[in-house]
Amino acid sequence: MDPSGGEQEPGAVRLLDLPWEDVLLPHVLSRVPLRQLLWLQRVSRAFRALVQLHLARLRRFDAAQVGPQIPRAALAWLLRDAEGLQELALAPCHEWLSDEDLVPVLARNPQLRSVALAGCGQLSRRALGALAEGCPRLQRLSLAHCDWVDGLALRGLADRCPALEELDLTACRQLKDEAIVYLAQRRGASLRSLSLAVNANVGDTAVQELARNCPELQHLDLTGCLRVGSDGIRTLAEYCPALRSLRVRHCHHVAEPSLSRLRKRGVDIDVEPPLHQALVLLQDVVGFAPFVNLQV
């Protein structure tokens, strides 16, 4: 009997008759979105076993592939057998994800290299400690909008993650200069990308220490860091030859002379030079702007 209820033709091959390890897993299920896997596993016990075997072999899990919101039970089922994850993104679980949900997953996947927990406000220092302790190969971490991240949590991360290259601390408002200074001194040599955006507690002291300890820093986001001024930017220009992009919008104490050296090096800066801003404003007002050689 075939799945549609009719008689199976002699010699016909059913999907599940194909080799699982050599055909179905690498060439079929690897192309099926996670959302559809949840439906597929309901078809029969055999399909459920096939899907579970596929999930156990996952290297990358992004909860956004399931949908904008994912129930706790669904996440637990999807990840219960996964032991080889290298990338984990759980932003859609931000409303309910707790230490009890996350810590066992981290314990089973010590090979994790990239973890995204943006907005997961129900977590605590315990989860970050488990991540730092159990995943020594961690390279990329997003903690954006995680208000629970404080200086002590960041110190633990800096002490135990020697491979850390990219760190997003956007809107982690408990962090102050002292925590960022410690991060720079402990992990500055490996850092390539760092966001400290939307944190009014971060100032020139932190930026200058980052500049002196992060020679490979390529991307730095200081958007809305109201205490950052021109002194910090000048230090970046002096000590960070690899810098490619700098975000300083709403940093009202950063003056154009401190940015000009970086502009000459081709660094992408999100704030236009004053002359360009004036020309844009003039064009908006009168409908045209006179020709000006901006290279002068």
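Summary of values
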{"item": "Sequence-separation-based contact order of the range 7-89, relative, with Cα cut under 8 Å and 6+ spacing, percent", "result": "28"}
{"item": "Cα-based convex hull, the range 1-152, per residue volume (Å³, whole number)", "result": "110"}
{"item": "Listed peptides 242-250, 31-39, 138-146, 180-188 by packing density, highest first (mean Cβ within 10 Å)", "result": "138-146, 180-188, 242-250, 31-39"}
{"item": "Over the range 149-217, relative contact order from alpha-carbon pairs under 8 Å, at least 6 apart, %", "result": "37"}
{"item": "Among HIS252, HIS54, HIS27, residue whose mean-square fluctuation peaks in a GNM of the chain (springs only between Cα atoms under 10 Å)", "result": "HIS27"}
{"item": "The chain, accessible area per residue, ligands and nucleic acids excluded (1.4 Å, Å²)", "result": "52"}
{"item": "Gained length - ASP270 relative to ARG42, 0.36 nm times residue gap less alpha-carbon distance", "result": "77.1 nm"}
{"item": "Nearest-0.05 FRET efficiency for VAL23 and ALA118, computed from C-beta distance (R0 25 Å)", "result": "0.10"}
{"item": "Percent breakdown of C-alpha pair distances by 10 Å bin, ordered from the shortest bin, for the range 59-278", "result": "8, 34, 31, 19, 7, 1"}
{"item": "Sites ASP159 and SER245, calculated FRET efficiency, Cβ-Cβ separation with R0 25 Å, nearest 0.05", "result": "0.35"}
{"item": "When the range 18-57 is reduced to its Cα atoms, the Kirkwood hydrodynamic radius in Å", "result": "10.0"}
{"item": "The chain - percent of accessible surface contributed by carbon and sulfur, probe 1.4 Å", "result": "51"}
{"item": "Rg over Rh, two decimals, the range 188-262 (C-alpha only, Kirkwood Rh)", "result": "0.91"}
{"item": "Helical contribution to [θ] at 222 nm, DSSP H n ≥ 4, -39,500 (n - 2.57), averaged over the chain, rounded to 500", "result": "-11000 deg cm²/dmol"}
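The values are calculated or read from the model by the stated rules, or taken from the named source; none is laboratory data. Source: prediction; values computed, not measured. All Cβ positions, even for glycine, are placed from backbone atoms using ideal geometry, and neighbour counts span all protein chains on display. Keep in mind that these areas ignore ligands, DNA and RNA; they rest on the heavy atoms of the full protein, side chains included. Shrake-Rupley method; radii C 1.70, N 1.55, O 1.52, S 1.80 Å.
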